[in-house]
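Asker: Encoded as C-alpha cells, here's the structure I'll be asking about.
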Amino acid sequence: MQPLRLKTIEAAGGKSLAGGQWSRVAIVVLNWNGRKVLEDCLRSIYALRYAPLEVIVVDNGSKDGSVEMVRNRFPECVLIQYETNLGFAKGNNQGIVLALDRGNDYVMILNNDTLLDPESLTCLIQRAESDPQIAAVSPKIYFATPPDRLWFAGGTFSYWKGRNGHIGYRQKDRPAWNVPGEAQFISGCVLLASRRAWQEVGVFDESLFAYGEDMDWSLRAQRLKFKLFYEPRAVVWHRESFSTLSNDWQANQAYFWTRNPMVVMWKRGRWWHWLTFLPYHAALSCKHVVQALSKGDWHSVVKIVQGFRDFPAVARQAMTLRSTVQSGASGQGAVRFSDKSN
C-alpha cells in the first residue's frame, strides 16, 4: 500500500462534547473542491438537535479554499487534509477509522452536497438502536432542486442486472414511502452504521475508488445476516453529483460506472448471475457510448473502453485484498477491519 500523502490532521479549537447517556456519533464529511456546498452542509450538521456529536472533515486535496473555510468558520471540526484525491472509499475510510479510534459508537458517512433536517440524526439513531442486527440506516433523501422530488426512499439490488436502484427516484413523495423498513441497498450519500457493523463488515473497498462502494458494502453486510434499514422520519436534501460536475469528472465517472459493477459482481455474484448481468451491462455500456458520441465526448468513450480493459486486474486486486487493513488517520491507534462476508 502506498503511503498516504497526509498534509495535516487538526482538532481545531480543541473541544469535545460531553458523552452523557446518548450514543456518541461522528459524522464524516468527505470534500473535494466543494467549498460552495460544504459550508451549508456543515451549518446543517451543527443545527442538529443531537449530542454528543463530532464532525470529521476529510479533504481530498481541494484547491478552492475549502480547508481555509473550515478552519476559519468551523474550528470545532476535526480536519484531515490530504494533498491528493484519495477517492470516495479511501478518503471516507480514513475518517471512519479515526472516528472509531476516538471512541464513537456510530459513524455516519455524509456527502458534502447535502442538507440535514434538524431531527434527522435523532431519528436515524433511534432506528439503529431498535434492533441490534441493524448494521446501517439511511434516511429519506430529496433532491435539493426541486425539493419535493425524491432521490432515495429505500434501495433495491438485482444480482441478475448487477445494479442497485433508488425507490421513488425523481418522483413526488407518497404515503407508501413514509413507512420504515428493510432495504436491499443503503446509499453512501447518507449512511449511519454502528461501530460493530464497521468492525465486522469492514470499511469500503478501496480498489473501487469511487462509485459502487456502498453497493458492495450493503451486499457484505447482508451476507453476514445484518439488516439494512430505511428510516423516512429522517429527512435530507441532496445536490446530486456536485463533486462530479464541479471537478469536470464526467468521463472518469463513466469509467468507474463501467468497471466497478463488474468488480462487485465478480466478488459477490455467482456464475449464473453473469448469464444475464454481462449482456445487460454490455448493452448499457453501449448506450452510454452512443450518448457520449452524440455529444462529441470522445473522452468518455475512451474511458468506457478502459473500464472494460482494467476490470480483470482490479477484480484480482479486490479478491486478493479481502481483508482490509486501515491505520488510524492520525497514525496512532491502528484499527483492523476484516471483510468476513466472503
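Asker: Which of Cys286, Cys123, Cys41 ends up with the largest GNM mean-square fluctuation for the chain, with Cα atoms connected below 10 Å?
Answerer: Cys286
Asker: Distance check, please: which entries in Lys267/Lys295; Lys63/Lys161; Lys267/Lys287; Lys172/Lys295; Lys36/Lys303; Lys36/Lys140 exceed 32 angstrom between their Cα atoms?
Answerer: On the way: Lys267/Lys295 34 Å; Lys63/Lys161 38 Å; Lys267/Lys287 25 Å; Lys172/Lys295 30 Å; Lys36/Lys303 28 Å; Lys36/Lys140 23 Å.
Result: Lys267/Lys295; Lys63/Lys161 exceed 32 Å.
Asker: OK, next. Among rounded, prolate and oblate, which fits segment 249-319 when a ≥ b ≥ c are the square roots of the eigenvalues of its C-alpha gyration tensor, a/c under 1.5 means rounded, and a/b larger than b/c means prolate? Intermediate values should be presented prior to the final figure.
Answerer: Working: a/c = 3.07, a/b = 1.62, b/c = 1.89.
In terms of gyration-tensor shape, oblate.
Asker: Helices from the chain with mean Kyte-Doolittle at least -0.5 and a Cα length along the axis of 18 Å or more, per DSSP H: which?
Answerer: On the way: long enough: 87-101 (21 Å, 0.24); 250-268 (27 Å, -0.72); 274-294 (30 Å, 0.69); 298-320 (33 Å, 0.14).
Membrane-span-like by this criterion, though nothing is claimed about a membrane: 87-101, 274-294, 298-320.
Asker: So for the pair Lys172, Trp298, with labels modelled 7 Å out along Cα→Cβ, what separation do we get in nm?
Answerer: In this crude spin-label approximation the distance works out to 4.6 nm.
Asker: Something else: Among Leu53, Leu224, which comes first, then next, by fewest other beta-carbon atoms within 10 Å? Don't skip to the end; give the middle numbers.
Answerer: Details: Leu53 19, Leu224 15.
By the 10 Å Cβ count, ascending, the order reads Leu224, Leu53.
Asker: Tell me, what is the FRET efficiency for Thr320 and Asp40 to the nearest 0.05, using R0 = 30 angstrom and their Cβ-Cβ distance as r?
Answerer: 0.15
Asker: Highest GNM mean-square fluctuation, the chain, Cα pairs closer than 10 Å: which of Leu293, Leu116, Leu124?
Answerer: In this elastic network of the chain, the residue with the biggest mean-square fluctuation among Leu293, Leu116, Leu124 is Leu293.
Asker: Give me the distance in nm between label points sitting 7 Å out from Cα along the Cα-to-Cβ direction at Gln199 and Trp272, one decimal.
Answerer: Result for the modelled spin labels: 3.8 nm.
Asker: Which value at 222 nm does the chain reach when only helices count, each DSSP H run of 4 or more adding -39,500 (n - 2.57), with the total divided by all residues and rounded to the nearest 500 deg cm²/dmol?
Answerer: Rounded to the nearest 500, the figure is -12000 deg cm²/dmol.
Asker: Expected output is a single nm value to one decimal: the length gained when fully extending between Leu224 and Val179, i.e. 0.36 nm times separation in residues minus the C-alpha distance. What is it?
Answerer: Full extension from Leu224 to Val179 adds 13.7 nm.
Asker: Separation between the Asp131 and Ala51 pseudo-spin-labels, each 7 Å from Cα along Cα→Cβ, expressed in nm?
Answerer: 3.3
Asker: In addition: So the label point goes 7 Å from the Cα of Met69 along Cα→C-beta, right? Which residues of segment 90-133 then have their backbone N under 13 Å from it?
Answerer: Residues 112-114 qualify, since their backbone N sits under 13 Å from the label point.
Asker: Give the Rg (one decimal place) followed by the Dmax (whole number) of the chain, computed from C-alpha coordinates and expressed in Å.
Answerer: Considering the chain through its Cα atoms, Rg and Dmax are 19.2, 58 Å.
Asker: Further question on the same structure: Quick one: work out the % antiparallel among DSSP beta bridges in the chain, nearest 5.
Answerer: In the chain, approximately 50 percent of DSSP beta bridges are antiparallel ones.
Asker: Within 10 Å of each residue's Cβ, count the other Cβ atoms and sort Phe256, Phe152 from fewest upward. The partial results should precede the final answer.
Answerer: On the way: Phe256 20, Phe152 26.
Ascending Cβ contact count within 10 Å gives the list Phe256, Phe152.
Asker: Quick check on the exposure proxy: order Val302, Val28, Val137, Val67 from fewest to most C-beta atoms within 10 angstrom.
Answerer: Val302, Val67, Val28, Val137
Bear in mind that the values in this text are calculations on the coordinates, not laboratory data. Since the structure is predicted, the reported quantities are computational estimates derived from the model, not experimental observations. Every residue, glycine as well, gets a Cβ built from its backbone with ideal geometry; the counts of neighbours run over all protein chains shown.
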